[in-house]
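Worksheet: one structure, shown below.
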Amino acid sequence: MVQFNFFRREVNCKIVYYGPGLSGKTTNLEVVHQKTPGNNRGDLTCISTEQDRTLFFDFMPIELGKVAGMNTKLRLFTVPGQPFYNSTRKLVLQGADGVIFVADSQEKKIQENLESLKNLEENLAEYGINIRDIPLVIQWNKRDMPNILEIPDLEREINYLGVPTVPAVAPTGEGVFPTLKACATMVLSSVSKKVEKAGQQTLTSSSPLQKRTNPTPIAKTEEKKPTAGFNNQNKAGFNQNKKKPIFKKFEKKFKK
Ligand SMILES: Nc1nc2c(ncn2[C@@H]2O[C@H](COP(=O)(O)OP(=O)(O)O)[C@@H](O)[C@H]2O)c(=O)[nH]1
Ligand SMILES: [Mg+2]
C-alpha cells in the first residue's frame, strides 16, 4: 500500500517482481542496483539458498527525489518463484502498489508462466485486489535464448489481461529499466491521484490549521493528465506516459 505523509511530502511505493522460478527476477534487481547512482539507492539485500536461488525475497530501495512535489521512494522486492514458497510470495506481495511479472520466453515455460500468473491473481484476490486494478507490467525475458516463443504468440497465450509488455534480456540490462519505468509510471500516477485526493480532504477538514495548509502544487501538476484506468492500458500505454512530466523527472534519476 502506498504510504504517504502529506505534511512531510513523502511517498513510499512498493513494486514486486513476480513470476516463475528462474525467469530472471533477481537478475532484474541486480541490474537496477548496478545502474542506479549510489546516492539514490540503498543496499541490495538477497536472501538466497546455496544454489543462489531466492529463498525469501530480494529487496532494494531507490530514492527518486521529488516527483510531483513529493519526496518519492520505491521499494523493490522479488518473490521466490518455486511453487512451494507460496506463503512467502503472499507475504511479500502484501501492500504492493505495482507488480512486474517477469515471464520466461522459452516455449517449454509457457505453462509455468501461466500458473505463476494465475497464482498472482489468486494471491492478490486474497488481499481483496482484482488483478485488473493493480498497475501490472509483463516483461518477456530471455529473448536471447533458443526455442523462445515469438512476442505475438506470448501476447496471445499469456497476456490475456492486455497489460503493457516489454521484451528483455535481463543479464545484459536490455529491457530492465523500460520495464521498471513502465510500472513505476503507472504506480506514481496512481499515487499522485491519491495525494491529490488527500490534499482535497485536508482542505475540507474541520481543523483551521489544516485548512491553511496549501496542497495545490500537486493538484495543479496532475490536473491535465489523462485518467485512463490500468485495466484499460493498451500495449503502447507506457510509451505515451513518457511525455508526462512526472515520468521525465523519474527518468533523470537513472544513469543512461
Ligand atoms: N540467457 C539468459 N539468461 C537469463 C536471463 N535472465 C536471467 N537469466 C539467468 O537465469 C538464471 C535465473 O535467474 P534469476 O534472476 O536468479 O531468476 P529468478 O528465480 O526469477 O530470481 C540465472 O542464471 C540468470 O543469469 C536472460 O534474459 N537470458
Ligand atoms: Mg530470485
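The values are calculated or read from the model by the stated rules, or taken from the named source; none is laboratory data. Computed from a predicted model, the values in this text were never measured in an experiment. Positions of Cβ are backbone-derived with ideal geometry, glycine not excepted, and every protein chain shown enters the neighbour counts.
The rows are residues; the columns are (1) crowded, with 19+ Cβ neighbours inside 10 Å; (2) at pLDDT 50 or above; (3) within 20 Å of the chain's Cα centre (by Cα).
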| site | (1), (2), (3) |
| --- | --- |
| I138 | yes, yes, yes |
| Y160 | no, yes, yes |
| T165 | yes, yes, yes |
| V176 | yes, yes, yes |
| Q210 | no, no, no |
* Among what's in segment 1-21 and is modelled with pLDDT under 95 and not in a strand (DSSP E or B), pick the residue that is farthest from ligand 1 (Cβ to nearest atom). => F7
* To do: Give T78, T45, T88 a once-over and let me know the one that is under 18 Å from P178 (Cα atoms) and within 15 Å of ligand 2 (Cβ to nearest atom).
  => T78
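If you scan segment 125-143, which residues turn out to be over 13 Å from L93 (Cβ atoms) and not aliphatic (A, V, I, L, M)?
Keep residues of segment 125-143 that are over 13 Å from L93 (Cβ atoms), which gives 130, 132-133, 135, 137-143.
Listed by number, the residues that qualify are N130, R132, D133, P135, Q139, W140, N141, K142, R143.
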* **Filter result (among the acidic types (D, E) and under 12 Å from A170 (Cα atoms)) within segment 131-155** => D144
* Under 6 Å between Cβ atoms, at least 6 apart or on separate chains: pull out the pairs that start in segment 58-83 with a residue that is at negative phi and part of a strand (DSSP E or B) and end on any residue that is among the hydroxyl-bearing types (S, T, Y) and more than 13 Å from ligand 2 (Cβ to nearest atom). => I62/T36; L64/T72
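Does G128 satisfy being modelled with pLDDT of 90 or more and within 20 Å of G175 (Cα to Cα)?
Working: modelled with pLDDT of 90 or more: yes; within 20 Å of G175 (Cα to Cα): no.
When the stated conditions are applied, G128 does not pass them.
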* If you scan segment 62-80, which residues turn out to be within 16 Å of ligand 1 (Cβ to nearest atom) and more than 14 Å from the chain's Cα centre (by Cα)? -> P80
